[in-house]
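These notes concern the structure reproduced below.
Bear in mind these aren't lab numbers, they're just calculated from the coordinates by the rules spelled out. Keep in mind the model is a prediction, meaning the values are calculated, not measured. Quick reminder, even Gly has a Cβ in these numbers, built from the backbone with ideal geometry, and neighbours come from all protein chains shown.
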Amino acid sequence: MSIVTVQLGQCGNQIGYEVFNAICNDFHSTHGLCSKKENESYQDACKERFFSEEKTGVPVARAVLVDMEPKVISQTLSMAARSGHWKYDHQSHFCQKQGSGNNWANGYSVHGPRYRDVIMNLVQKEAEKCDRLSGFFTVMSMAGGTGSGMGAFVTQCLRDAFPTSFILNQVIWPYGTGEVIVQNYNSVLTLSHLYQSSDALLVHENDAIHKICAQLMNIKKISFRDVNQVIAHQLGSVFQPTYSSEGASQYSRSPLGDLMESLVPHPEFKMLGLRNIPQMSENSLAYSTFTWPGLIKHLRQMLIANAKMEEGIDWQVRPPLPGHPVPPKASPNKALHFNTSIANLVVLRGKDVQSVDLGGFRDPALYTSWLNPQEAFTIWKTPRAFNKYEKSASLVSNSQFLLKLMDNIVGKAWNMFASKAYVHQYTKFGIEEEDFLDCFTTLEQRRTSSEGKIAQEVKINTTNYSRNKGSGKDNTENGIFSPLVSNIAGILLPQCFKRALLKYQKKKSFSYQS
Ligand SMILES: Nc1nc2c(ncn2[C@@H]2O[C@H](COP(=O)(O)OP(=O)(O)OP(=O)(O)O)[C@@H](O)[C@H]2O)c(=O)[nH]1
Ligand SMILES: [Mg+2]
């Protein structure tokens with residue numbers, strides 16, 4: 001089955017290019033370290049997923065490129081053409097003369113509706129080239145105007161036009177000291193809208209990847225290109241073909257479906273984080289050897305201590321003892337300590353994958369109590385090595401990893417909103433104060449449930465949720481989660497935020513218990 005990638009805005013197009021490039025380099029690599037037959041079926045599965053073929057035999061990326069300004073798209077198209085290994089379809093892009101000026105409302109309410117038909121026609125054509133469509137992979141930043149605003153709009157259109165296809169959104173979390181003054185507004189608006197229409201959001205933080213470039217890749221002057229190559233490597237390490245069940249004789253046919261089934265057991269929790277190991281410069285790689293037990297031990301600790309790379313992990317963090325709740329914060333200065341998971345997927349590639357012991361990931365103490373731990377952990381494997389690494393392991397997790405970042409971004413956006421800073425720039429494009437409040441409410445609701453205070457309500461309500469694969473229907477619409485919302489007035493919100501939300505909720509005559 002195939003995936004159509006939709007690259008939106010500067011960031012989305014620049015990362016999208018690196019993803020196809022990384023996949024293509026891996027595809028051509030002579031380092032597969034497996035049998036010829038294995039390598040051929042891996043390449044066939046990869047091609048079907050990401051590329052259609054021209055008469056000349058050159059793979060053509062299954063992608064639609066969208067930006068409101070032309071520069072990045074023309075650079076992206078020509079870089080791909082120059083690679084000689086693959087290209088984009090030159091009909092499959094859309095751009096205009098002027099960007100959205102880092103204004104989410106401009107992307108969402110103006111450019112989105114104005115260019116909907118032409119963009120959706122391109123998507124439709126790309127989808128029709130697939131014999132079997134698994135779904136869509138969209139790539140965008142949260143902080144700009146086109147990728148974030150138009151990206152949110154296009155995702156809604158995809159949901160309407162392809163109700164049974166999966167949608168996975170790759171979103172880039174801005175640098176904490178970001179260059180866009182309204183990045184926190186744009187991020188809050190993006191996340192809350194994607195939550196309604198996406199099946200899952202895969203989040204990469206620019207700060208974390210920057211650190212990987214500096215500390216693991218030893219890059220001195222780090223550019224977006226370096227950051228994007230690390231992101232692309234991580235994405236490739238998950239999306240290249242694997243066997244998704246023990247003893248399977250062919251590569252998984254439904255990459256997005258398998259991912260959602262493993263990691264999104266409940267529509268309330270759909271934020272996914274990605275880590276992989278090892279990661280290092282090519283020079284160091286030549287002199288390094290790894291053992292599976294070492295890699296797996298590090299990866300597990302990266303998960304529970306919420307570390308994005310193997311360097312500097314806090315080895316003190318331990319799972320709670322059976323029957324005991326997660327211990328309170330170790331010290332007032334330490335943030336939430338143990339990172340509880342809802343579900344994890346480990347992807348192993350390379351030599352001797354059959355013999356790897358992953359028992360440490362099956363430990364029920366790692367997981368929330370409302371899901372059977374047997375269902376919470378999945379393994380995908382292939383003996384085919386990935387991208388010059390003889391052995392590599394990736395972890396996609398649905399966990400509490402974003403709580404702190406989310407608090408940070410929502411808190412900053414709220415502070416600006418409380419003083420009405422820059423709000424007029426959004427209202428002039430039709431995004432009203434009430435819309436902002438709706439978005440704050442949505443995210444606070446997600447944050448509260450993710451923190452696990454309301455595990456019991458979730459447990460009761462999950463019985464109403466069948467794994468409605470690909471329908472994208474969020475049960476919040478049916479009011480199933482209304483008890484969660486009563487927790488909005490939780491302790492972590494600033495008082496003014498609580499009061500404003502409660503007033504707002506009353507006005508909308510929701511039946512909240514206070
Ligand atoms: N990782 C990464 N982040 C990027 C890249 N380009 C921009 N960003 C981040 O994306 C955010 C800005 O969004 P852009 O993608 O530039 O904005 P846009 O979607 O083109 O929207 P407009 O320019 O407003 O039309 C900031 O947080 C940047 O740090 C990139 O190539 N890689
Ligand atoms: Mg731009």
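Here r is the Cβ-Cβ distance between Asp357 and Asp160 and R0 is 45 Å; the resulting FRET efficiency, rounded to 0.05, is 0.50. The distance from the alpha carbon centre of the range 273-302 to that of the range 105-174 is 34 Å, rounded to a whole number. Within the range 282-403, the proportion of C-alpha pairs whose separation exceeds 26 Å stands at 25%.
So which of Lys37/Lys388; Lys351/Lys388; Lys297/Lys404; Lys270/Lys308 end up more than 22 Å apart, counting from Cα to Cα? As for pairs spanning more than 22 Å Cα to Cα, those are Lys297/Lys404. Using the Cβ-Cβ distance between Lys129 and Gln196 with R0 = 25 Å, the FRET efficiency computed as 1/(1 + (r/R0)^6) comes to roughly 0.30. Close amide H partners of Leu358, meaning residues 5 or more places away or on another chain with modelled amide H under 5 Å apart, do not exist here.
Full extension of the segment from Arg82 to Glu38, taken as 0.36 nm per residue of separation minus the current Cα-Cα distance, would add 12.9 nm.
Backbone geometry of the range 203-213 corresponds, through the Karplus equation with coefficients 6.51, -1.76 and 1.60 at θ = phi - 60°, to 3J(HN,Hα) couplings of 10, 10, 9, 4, 4, 5, 5, 4, 5, 4, 4 Hz, x marking Gly and Pro. Here the Karplus relation 6.51 cos²θ - 1.76 cosθ + 1.60, evaluated at θ = phi - 60°, turns the backbone of the range 389-398 into coupling constants of 9, 4, 9, 8, 10, 10, 10, 9, 10, 9 Hz, with x for every Gly and Pro.
The amide H of Ala143, built 1.01 Å from its N in the peptide plane, has no neighbour under 5 Å, considering only residues 5 or more places off or on other chains.
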